[in-house]
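I have placed the structure first, in the form of structure tokens, so that the comments after it can refer back to it.
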Amino acid sequence: GIAKKNEEICALLEIKSLSNPVKSETDILSVKGRSCCWGSFWVSLADHQVEYAVINEDVIMEMTLSGNPLGQVLNMQREVVFDKIE
């Protein structure tokens, strides 16, 4: 779409990526789960600079520590906002 941000006419780009696998294993820690992310970017049509962006992520994972056979289910959510520095 087209939107105005920071007095600039911008292309509004929407992103979405669902059910991405998450896996990490070390001698101490094991993590397995999935990540979903979505967000929006406002990109100036005049100079192609990112005027603003916001990305959200939701991760559900099971974390297991060595020496503890019972895993712990975690739900992590975060929002990252990019503001243009003037």
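The values are calculated or read from the model by the stated rules, or taken from the named source; none is laboratory data. This structure is a prediction, so every number in the text was calculated from the model and none was measured. SASA here: full protein model, heavy atoms, side chains in, ligands and nucleic acids out. Shrake-Rupley method; radii C 1.70, N 1.55, O 1.52, S 1.80 Å.
Using a 1.4 Å probe over the heavy atoms of the protein chains, calculate the carbon and sulfur portion of the accessible area of the chain as a whole percent.
Numbers: 3530 of 6340 Å².
Summing carbon and sulfur atoms, their accessible area is 56 percent of the total for the chain.
Tell me the per residue accessible area of region 24-86 using a 1.4 Å probe; a whole number in Å² is fine.
I get 71 Å² per residue for this part.
Mind checking the log10 I(q)/I(0) for the chain at q = 0.12, 0.16, 0.21 Å⁻¹? Debye, one equal scatterer per Cα, no solvent, two decimals.
For the chain at q = 0.12, 0.16, 0.21 Å⁻¹, log10 I(q)/I(0) is -0.52, -0.70, -0.92.
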